[in-house]
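Before any comments, here is the structure.
The values are calculated or read from the model by the stated rules, or taken from the named source; none is laboratory data. Keep in mind that this is a model prediction, so the values were computed, not measured. Virtual Cβ from ideal backbone geometry, glycine too; neighbours counted across all protein chains shown. Heavy atoms of the whole protein, side chains included, go into the accessibility calculation; ligands, DNA and RNA do not. Shrake-Rupley method; radii C 1.70, N 1.55, O 1.52, S 1.80 Å.
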Protein chains: 2
Amino acid sequence: MKLASLKAEGRDGSLAVVSRDLTRATLARAIAPTLQHALDNWSDAEPRLRALAAELELRAIPDFRFHEHDALSPLPRAYQWLDGSAYVNHVELVRKARGAEMPERFWTDPLMYQGGSDSFLAPRAPMPLANEAWGLDFEGEVAVITGDVATGASAAAAKSAIALVMLANDVSLRNLIPDELAKGFGFVQSKPSSAFSPVAVTPDELGPAWDGRRVHLPLLVSLNGRPFGLADAGLDMTFDFPALIAHAAKTRPLCAGTIIGSGTVSNRDAKGGPGRPVGQGGRGYSCLAELRTFEILTEGAVKTPFLRSGDCVRIEMKDFDGQSIFGAIEQTVHPSAS
Amino acid sequence: MKLASLKAEGRDGSLAVVSRDLTRATLARAIAPTLQHALDNWSDAEPRLRALAAELELRAIPDFRFHEHDALSPLPRAYQWLDGSAYVNHVELVRKARGAEMPERFWTDPLMYQGGSDSFLAPRAPMPLANEAWGLDFEGEVAVITGDVATGASAAAAKSAIALVMLANDVSLRNLIPDELAKGFGFVQSKPSSAFSPVAVTPDELGPAWDGRRVHLPLLVSLNGRPFGLADAGLDMTFDFPALIAHAAKTRPLCAGTIIGSGTVSNRDAKGGPGRPVGQGGRGYSCLAELRTFEILTEGAVKTPFLRSGDCVRIEMKDFDGQSIFGAIEQTVHPSAS
């Protein structure tokens, strides 16, 4: 089952069921007006939404053309957005570029931050940027939406709480990060609004690419129309989604509709070092910061600037048949007034 | 105008207007089913809610008895909870107890963290505690709820976005904090669900105690029925609410219903040092960590333990006539299964 939140009056969009090939949709209003509403009553809503999705596939009900640019993020705003750094390779690389050592315990104790969840960007909306000196970067990620999770949930309970899977662009202001991290209180100014893929899908839509804990497919990232990354989201994910969810729920419950991000998808090189750029036969990167680190490590200096006005980032994932699973996040940088 | 969210079916309670003396209430269902709904449409809803409140004061409409223990937190869950550390005195003291130096810039650059907002405790609900070794503490705070705030909003624009004021108990697990802060990503496990006062009030309800930026009244904190703190929330607040809101909105918009906390209300001693306990003629503290620091600094060792099963914390604020403004947060520590 694939779900989208279509632009509508109100702040949360209108819940729609979307066909597997992303060409057609039907509103789910009679079941739940919004995705959060469905998640709040998931045990009741899920089977009814699945029945609607089956009818849509069979063309047994009226439908309309689905356009990805009509979609908001599946949860246009959420009660919780917790972003892990499950690909520890990414953390190690980005720290290396800042000249900072990564503590050994980051391989066993997940890094995770509480992100702003009140105003997500639509997947085709511009990335606003007031100041190029802030160092705008994208981060391509996989994310899951959970049902309710009890305090102290085991990894097994966490696994069964995964309701939906989607992609994320975790927008980052790299040059504001060091000062905020030094304060110890996490990201506030350095992580503006993120965006998520046009549709969120139930895990079964991923077929054998979903093992219950990770998505074993490449995350396709392009920059200004050129391939930039195709890192395999199933590789090098040190902490899987159940582990991230259990970490988050250690001391408190998680409300249905909690989004848990994987952190930037990142693969090592076969030799264990940083991966090579796509143009050099590597799997590339899911953010600019990693390429910049590679440049520092191999060429002694950064060549690639952070995002500038007009730059366009596309993040997508395709199934074994080449069909887009989640639709594409495609965002262009726009200067903003303030 | 005073607003509460009463226990009801659904996760967000039923919005009620409460009389000034907190004895009577009426449901606001015809205007907005929930407080978030009212905030989403505040320019339309506010005048209608105020008209209802005026009728309630005049006893011109049917009402019912208001019981504080029937109230959820005004926003039982929110899209955003950002907690500042505006009383820098508190930060300096708590760090001193950990043997950590406070950077000088904390006096000019606000500390703020993105808190979990998906599952707040009700103001009379137990504080669940799975493990006493985690070091459970309360933090008495003042908080505001904002309307929409644009990216880059000035302090003046931030000031006019303050819709409601309330009190908070920012529950903290002190012994989990050092490890999380060392990771730099802020609080996830060390800040479980917070609670807010039974009612949230429009700033005009505070009369001359509200100067548009701070609340000039003592925050009354008691522990197991004994006075523990009466720090003046208008004193030593280095960053006022408009400054905190503008800090949060520097690089991103804030959605209506954003909660901004003051951080633990904390006064210095007249001589500039840490304040003295209530029992020694001082203004006391709004959290245990400060008393423990005082004990270390004056007696060389901690005498006061963190919260234990059965301990009861009460947080309240009274107007110049002794009338409770927000109702009381009153929470007892309960052992929890996991």
Average partner chain C-beta neighbours within 10 Å, per residue of B:72-78? 1
Gaussian network model of chain B, springs between alpha carbon atoms under 10 Å - residue of B:S73, B:S43, B:S14 with greatest fluctuation: B:S43
Between the label point of A:G207 and that of the same position in each other copy, find the distances and list them shortest first in nm, with every label point placed 7 Å from Cα along the Cα-to-C-beta direction. 7.1
What are the ³J(HN,Hα) couplings of region B:112-121, residue after residue, when phi is run through the Karplus curve with 6.51, -1.76, 1.60 and θ = phi - 60°? Round to Hz, x for glycine and proline. 7, 10, 7, x, x, 10, 8, 7, 7, 7
Inter-copy label distances at A:P227, 7 Å along the Cα→beta-carbon direction, one decimal in nm, shortest first? 7.3
Hey, with R₀ at 45 Å, roughly what FRET efficiency would B:A51 and B:K318 work out to, going by the Cβ-Cβ distance, to 0.05? 0.95
If you build a Gaussian network model of chain B, linking Cα atoms that sit under 10 Å apart, which residue out of B:E141, B:E316, B:E101 swings the most? B:E101
Per 5 angstrom bin, beginning at 0 and ending with the bin that holds the maximum distance, the Cα pairs of region A:221-296 fall in percents of 3, 14, 22, 19, 13, 11, 9, 6, 2, 0
Per-residue mean of other chain beta-carbon atoms within 10 angstrom of the beta-carbon, peptide A:109-116? 6
Which shape class, rounded, prolate or oblate, goes with region A:76-335 when its Cα gyration tensor gives a ≥ b ≥ c as root eigenvalues, a/c under 1.5 marks rounded, and past that a/b bigger than b/c marks prolate? rounded
Rounded, prolate or oblate: pick one for region B:182-337, where a ≥ b ≥ c are the square roots of the eigenvalues of its C-alpha gyration tensor, a/c under 1.5 means rounded, and failing that, prolate if a/b is larger than b/c, else oblate. rounded
Work out how much length B:D269 to B:A60 would gain on full extension: take 0.36 nm times their residue separation and subtract the Cα-Cα distance, in nm to one decimal. 70.4 nm
Axis carrying A to B; for chain A the Cβ-nearest residue and its rounded Å distance come to A:G186, 1
Computed over chain A: relative contact order in percent, which uses C-alpha pairs under 8 Å that are six or more apart: 22 percent
What would the Debye equation give as log₁₀ I(q)/I(0) for the protein assembly as shown at q = 0.06, 0.08, 0.09 Å⁻¹, counting only Cα atoms as equal point scatterers? -0.33, -0.59, -0.75
Based only on the alpha carbon positions, what is the Kirkwood hydrodynamic radius of region B:154-247, in angstrom? 15.6 Å
Please report, in debye to the nearest 20, how large the charge dipole of region A:55-111 is about its Cα centre when each Lys and Arg carries +1 at its beta carbon and each Asp and Glu carries -1 there. 260 debye
What residues in region B:154-189 lose 50 Å² or more of accessible surface when the other protein chains are added to their chain alone (1.4 Å probe)? B:K183, B:G184, B:F185, B:V188, B:Q189
If you take the square roots of the eigenvalues of the alpha-carbon gyration tensor of region B:150-201 and sort them as a ≥ b ≥ c, do you get rounded (a/c under 1.5), prolate (a/b over b/c) or oblate? oblate
In order over region B:228-244: 3J(HN,Hα) from phi, Karplus 6.51/-1.76/1.60, θ = phi - 60°, whole Hz, x for each Gly or Pro, gives 10, x, 8, 5, 7, 5, x, 9, 6, 8, 4, 10, 7, 4, x, 5, 5
Inter-copy distances for A:A51, label 7 Å out on the Cα-Cβ vector, sorted ascending, nm, one decimal, are 4.2
Could you calculate the contour length gain from A:A30 to A:R95, that is, 0.36 nm times the residue separation minus the distance between their Cα atoms, to one decimal place in nm? 18.5 nm
Round to the nearest 0.05 the FRET efficiency obtained for B:S309 and B:E9 when R0 = 45 Å and r is the Cβ-Cβ distance. 0.90
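In percent, what relative contact order does region A:36-143 have, based on Cα pairs under 8 Å that are 6 or more apart in sequence?
Dividing the mean separation by the residue count of region A:36-143 yields 29 percent.
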Lys, Arg +1 and Asp, Glu -1 on Cβ, resulting dipole of the protein assembly as shown about Cα centre, debye, nearest 20: 320 debye
Cα-based Kirkwood hydrodynamic radius, region B:1-66, one decimal, Å: 11.6 Å
Just name one of A:P110, A:H69, A:A163: the one whose Cα is farthest towards the positive end of the charge dipole of the protein assembly as shown (beta-carbon charges, Lys/Arg +1, Asp/Glu -1). A:P110
Using only the alpha-carbon atoms, what does region B:265-327 span along each of its principal axes? Please give whole angstrom values in decreasing order. 40, 36, 17
³J(HN,Hα) across region B:99-104 via Karplus (A = 6.51, B = -1.76, C = 1.60, θ = phi - 60°), whole Hz, x for Gly/Pro? x, 9, 6, 9, x, 4
Which of the peptides B:209-218, B:196-205 is most tightly packed, and how do the rest follow, judged by the mean count of other Cβ atoms within 10 Å per residue? B:196-205, B:209-218
Shielding by partners for A:252-258, please: the mean number of other protein chain Cβ atoms within 10 Å of each residue's Cβ. 6
Listed by chain and number, the residues whose amide H is under 5 Å from that of A:W81, excluding neighbours fewer than 5 places away on the same chain and using placed H, are A:G115, A:I259
How big is the charge dipole of region B:151-233 about its Cα centre, in debye rounded to the nearest 20, if each Lys and Arg gets +1 on its Cβ and each Asp and Glu gets -1 on its Cβ? 160 debye
Out of A:G282, A:G99, A:G263, any idea which swings most in a Gaussian network model of chain A, alpha carbons joined below 10 Å? A:G99
